[in-house]
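Accompanying notes for the structure given below.
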Amino acid sequence: MCGIVGYVGNREASEVLLKGLKRLEYRGYDSAGIALVNGGLHFNKGKGKVDALAKKIKQSGLEGHLGIGHTRWATHGEPNDINSHPHMSESGNIAVVHNGIIENYTTLKKQLISRGKTFHSQTDTEIVAQLLEEIYTTSRGVSFEQAIQLTLKQIVGTYGLAIVNKDMPDKIFIARKGSPLLLGIGENEMFIASDASPIVGYTNKVVYLDDGEMATITKDSYSVKTIEDVELTKEVHELAISIDEIEKAGYPHFMLKEIFEQPRSIADCMRGRLNVENNSIQLGGIEDVMDDLVNAKRIVIAACGTSWHSGLVGEYLFEYLAKTPVEVEYASEFRYRDPLVGEGDVLLVISQSGETADTIAALREAKKRGALVLGICNVVGSTISRETEAGVFTHAGPEIGVASTKAFTAQVVVLTMMALSLGKRKGVLSQDEMSKFIKELSKIPSKVEYILEHNDESIQKMAGLFTYAPNFLYLGRSYNFPVALEGALKLKEISYIHAEGYPAAEMKHGPIALIDEMMPVVVIAATDHTNEKMISNIEEVKARKGRIISIMNDENSDVMDLSEFHISIPTTNDCFSPLLTVIPLQLLSYYIAVNRGCNVDQPRNLAKSVTVE
Ligand code: G6P
């Protein structure tokens, strides 16, 4: 939700900022702007994407060596030129960019208006610029940094903030509470950003700001302190992301690149952990808490969006392979309903970004109540990865497309490895069973590769036939019920077609009323132990003239005969099936969205990282 970037050094700041904003655009893309300090405070901003801003900046000739930038996902105030960031103080001396929500902004705004301030935008952010200027100009002997601290003390809500002052042309001020921010330390240059992507290629040294912290940076120095003014020495981390990972590598969209990366990302996720030779699984990140997991009364999984779907697969996996009871919660609901969780429970949060506000809130709530809090995250250094007591990284590489693909499969792989390790430790799985599972799991990357190689063309053709279908129904059973939800979500997100995922048998309790000759029904019929029941469900759809698209194992003639279209995928163990069945569904949604002319990587109204509640 909103991306922030800042630069001070010898390069042309607008170039660094625009390049950085482009990489952060997945966080929000309804408007963008930058402010530069160069003999004055100059800004350019407006509705639209970063490319539109870049054109305006080129025409305006805006130059300088210090500046801040922002790409917006609107919360308060519609996306328009005025509501775009940066927001300026009344005198025009201070510029602010913000990610987060200032919850008491109406009260503060009313107070500022009563003291004669004029507001131009409908945003919550503008009050920061106005209040800060008021405090700075009216409090005697207060430094700008202290004025920022005093301002932040009046603010309730969340923020990642970057601030510049016309009279301090060599400094950028930043502060964090609830919205991510990091510093990049270069040679005679410094960067700030919401995540590491704008910094890659300039430096690999980063400092992550924690909640309640602020920093002042110049081109060759930085100082971090708390909002309460306590100086801090922060650890400098090494980034391990390369430029190739954050570029499209010849693919038309990040989403397609990320779908096709899955044989590799799944293998990366298993590397050094799944050992076929000595028949073992090593998950270093949770080794120390394995006993707690063995003794856990239950595991509660909390997540949002696609990560919630992988959590649902996790429920089936943990209960089958480790005989540990699992509940899966929407992180947003968990947090607000006085959850009965405490000592002896494990809360497992799953998040690609590691920055989803509701998931972070769930984590904190469970921690407060005494549960052991573990995480599965993709982004190293993210808030969730730092606040959980232990966890496992998915190592899927940066995921830029807003619709999550390779993060889902990597999360399911981690959950599978966790469930297998736990099952082994608990004595639920014999060495022999373990060996069979490990061997089969190790074959998943090549099976995914096979699906991508052999089905891409037929899925493109099929997508052509269903491009203008107004609705879709996705049905699955057991491990593939969450995949039905995920397939429907992918289609909704990027093609704006209404789609619902349902447990196949539940269809009889409502959705069956929707089925007629216009309704494409995607059935995921690739698990053996539910095959017969699934065939009955397909018959029920067919009897009502629904158009059946099936995802099935090899040459399953029973399913094939009932289907208008079928996609054959290699057989695997039932419990690994989601790792294969989801692939054709990702491709189907991708090609339908492309046919409809949708912006696949930046679907309307969505953002990759939802850092507001
Ligand atoms: C947003 C994204 C989804 C993602 C969800 C959870 O809605 O658009 O793709 O699944 O957030 O994100 P997380 O980073 O916590 O997995």
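The values are calculated or read from the model by the stated rules, or taken from the named source; none is laboratory data. Bear in mind that the values here come from a model prediction, so they are computed numbers and not experimental data. Positions of Cβ are generated from backbone atoms using ideal geometry, with glycine treated the same way; all protein chains shown enter the neighbour counts. For accessibility, only protein heavy atoms count, side chains too; no ligands or nucleic acids. Shrake-Rupley method; radii C 1.70, N 1.55, O 1.52, S 1.80 Å.
Some observations on this one:
- Note on the stretch 336-357: among residues that are of a type in the set (D, E) and surrounded by fewer than 24 Cβ atoms within 10 Å (Cβ to Cβ), the one that is nearest to the ligand (Cβ to nearest atom) is D345.
Here is a yes/no grid of residues against (1) assigned to a helix (DSSP H, G or I); (2) buried (at least 24 other Cβ atoms within 10 Å of the Cβ):
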residue	(1), (2)
M1	no, yes
Y7	no, yes
L17	yes, yes
L21	yes, yes
Y29	no, yes
K55	yes, no
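- Filtered by the rule that a residue be over 16 Å from N471 (Cα atoms) and surrounded by 21 or more Cβ atoms within 10 Å (Cβ to Cβ), the stretch 497-525 gives A504, I524, A525.
- Top-ranked residue of the stretch 261-305 - restricted to ones that are among the β-branched types (V, I, T), open to solvent by 10 Å² or more (accessible area, probe 1.4 Å) and in a helix (DSSP H, G or I), ranked as farthest from the ligand (Cβ to nearest atom): V294
- Listed conditions (1) under 22 Å from I127 (Cβ atoms); (2) buried (at least 24 other Cβ atoms within 10 Å of the Cβ); (3) at pLDDT below 95 are all met by D195, apart from (1).
- When residues of the stretch 309-335 are limited to those that are assigned to a helix (DSSP H, G or I) and either open to solvent by 30 Å² or more (accessible area, probe 1.4 Å) or at pLDDT below 95 (or both), the one nearest to the ligand (Cβ to nearest atom): S332
- Residue match in the stretch 70-86 (condition: among the β-branched types (V, I, T) and under 26 Å from E145 (Cα atoms)): yes
- Qualifying residue in the stretch 101-118 (condition: open to solvent by 10 Å² or more (accessible area, probe 1.4 Å), touching a residue at least 60 places away in the same chain (Cβ under 8 Å), in contact with a Lys or Arg (Cβ under 9 Å, 6 or more places away or on another chain) and closer than 30 Å to K19 by Cβ): no
- Residue in the stretch 555-612 that is surrounded by the most Cβ atoms within 10 Å (Cβ to Cβ), counting only those that are among the small types (G, A, S) and over 29 Å from C2 (Cα atoms): S577
- Of the candidates G178, G157, G141, the single residue that is at pLDDT below 95, touching a Ser or Thr at 6+ places or on another chain (Cβ under 8 Å) and surrounded by fewer than 22 Cβ atoms within 10 Å (Cβ to Cβ) is G178.
- Lone qualifier among D574, D554, D528 - being within 32 Å of the chain's Cα centre (by Cα), over 24 Å from A469 (Cβ atoms) and more than 16 Å from the ligand (Cβ to nearest atom): D574
- Verdict on E126 being modelled with pLDDT of 95 or more and within 22 Å of L182 (Cα to Cα): no
- The residues listed here are S421, S478, S430; of these, the one that is under 29 Å from A296 (Cβ atoms), free of Cβ contacts under 8 Å to residues at least 60 places away in the same chain and more than 16 Å from the ligand (Cβ to nearest atom) is S430.
- One residue stands out among those in the stretch 588-613 that are β-branched (V, I, T) and in a loop (DSSP other than H, G, I, E, B): the one that is nearest to the ligand (Cβ to nearest atom), which is V610.
- Flag if T405 is under 16 Å from the mean Cα position of the chain (by Cα) and either within 16 Å of the ligand (Cβ to nearest atom) or among the polar types (S, T, N, Q) (or both): yes
- In summary, A484 fulfils each of the numbered conditions (1) of a type outside the set (D, E); (2) open to solvent by 10 Å² or more (accessible area, probe 1.4 Å); (3) at pLDDT 95 or above with the single exception of condition (2).
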